[in-house]
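Quick notes on the structure that follows.
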Amino acid sequence: MKKRVALVTGAAAGIGRQIGLRLSRDGIAIGVLDRELDGAARVADEIVAAGGDAVAVAADISQRHQVDAAVAEVRRALGPVTIVVNNAGISAQVPFQDLTDEQWDTMMAVNLKGTFIVTQVVLPDMIAAGGGRIVNISSSSAQSGAATMAHYSASKGGVIALTKTLAQEFGRYSITANNIAPRFVMNTVMSEKQFTEDATRDAIIKAGPIRRQGEPEDIAGACAWLVSDEAGYVTGQTIGVNGGRYI
Ligand SMILES: NC(=O)c1ccc[n+]([C@@H]2O[C@H](COP(=O)([O-])OP(=O)(O)OC[C@H]3O[C@@H](n4cnc5c(N)ncnc54)[C@H](O)[C@@H]3O)[C@@H](O)[C@H]2O)c1
């Protein structure tokens, strides 16, 4: 069997960690990329301890030279990258009228430009291999809008548009590009910071058709399907994994 290699960004914690663990269970070798090397190394160790294959690499995805070096390291350790999961991201809540240029630029640099850089760096491997999978983690806030998150939701809207364009441009190489739009996924660093009150969590759970919170495993499951052979005719799509909170 041909070895498949996935680069998962932001894989030291939360959703990215779970995606790494899940894809590894499906027999895929994992490049665990994060700006936090210690966290990435812990996840790589977890994967290896469970019988998988992984390497931890450090990079800030908004910095091309760091991404170039990290991807080269993954190639050396595991082989060509034919799956990329652009999961690394940041979020913040700032009322629109208080939003500074700097806050706007930082959000775009990580969430949107970082996705562009990482995808551009790994694409040659997919083209050479005659196929690949791009999965971008966007957000339901790009679909519905989100008060006090203009910079975040705009960056994720850009990720959705970028995904559609990648689907159009690289489909002829049998490369699919899809995005998963999560909402209220708990047990991550990001959500623990944002939803600190039990009352807020309860209100979120009661407000949705599926009466439970989202878990990183929910996103990882959708991702595992999108990178599988079964999903080869699915491209350019936004898969809402949100408990029906945006329909
Ligand atoms: N948790 C949610 O409810 C939710 C909802 C919608 C979308 N999302 C999206 O899902 C993705 C993962 O979110 P999460 O909740 O697991 O967040 P998290 O904060 O728990 O994990 C994000 C990881 O990305 C890494 N990271 C951040 N900036 C980076 C950079 N510049 N370069 C490299 N690594 C970087 C962090 O170190 C961290 O390990 C994000 O893109 C987020 O926007 C999350």
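Here, each number is a calculation from the coordinates, and none is a lab measurement. Every value quoted in this text rests on a predicted model; they were computed, and no experiment measured them. All Cβ positions, even for glycine, are placed from backbone atoms using ideal geometry, and neighbour counts span all protein chains on display.
Specify the residue with the greatest mean-square fluctuation among Gln143, Gln97, Gln194, computed from a Gaussian network of the chain linking alpha-carbon atoms under 10 Å apart.
Per the Cα network of the chain with a 10 Å cutoff, Gln97 tops the list.
Taking H placed 1.01 Å from N in the peptide plane, check which residues at least 5 places from Gly240 or on another chain put their amide H under 5 Å from its amide H.
Those lying under 5 Å, H to H, from Gly240 are Ala181.
Given a Förster distance of 30 Å, report the FRET efficiency between Phe96 and Arg212 from their Cβ-Cβ distance, rounded to the nearest 0.05. Don't jump to the answer; show the numbers that get you there.
Values: r = 31 Å, r/R0 = 1.05.
It comes to 0.45.
With +1 on each Lys and Arg Cβ and -1 on each Asp and Glu Cβ, and nothing else charged, work out how big the dipole of the stretch 1-126 is about its Cα centre, in Debye to the nearest 20.
Values: 12 positive and 15 negative charges, 141 e Å.
Its charge dipole is roughly 680 debye.
With an 8 Å cut-off on Cα pairs and a minimum separation of 6 or more residues, tell me the relative contact order of the chain in percent. Intermediate results must be reported in sequence, preceding the final value.
Details: 503 pairs, mean separation 47.3, N = 247.
19 percent.
Around Arg4, which amide H atoms from residues at least 5 apart in sequence, or from another chain, sit under 5 Å from its own amide H, with H modelled in the peptide plane?
For Arg4, the qualifying residues are Ala29.
Run the numbers for Gln103 and Glu169: contour at 0.36 nm per residue of separation, minus the present Cα-Cα distance, in nm.
On the way: separation 66, 0.36 × 66 = 23.76 nm, distance 3.12 nm.
Here the segment from Gln103 to Glu169 would lengthen by 20.6 nm.
At 7 Å along the Cα-to-beta-carbon direction for both Arg201 and Ala128, put a label point, then send me their distance in nm to one decimal.
It is 4.6 nm.
Among Thr148, Gln103, Gly114, which residue has its Cα positioned farthest towards the positive end of the charge dipole of the chain, with +1 placed on the Cβ of Lys and Arg, -1 on the Cβ of Asp and Glu, and the dipole taken about the Cα centre?
Selected residue: Gly114.
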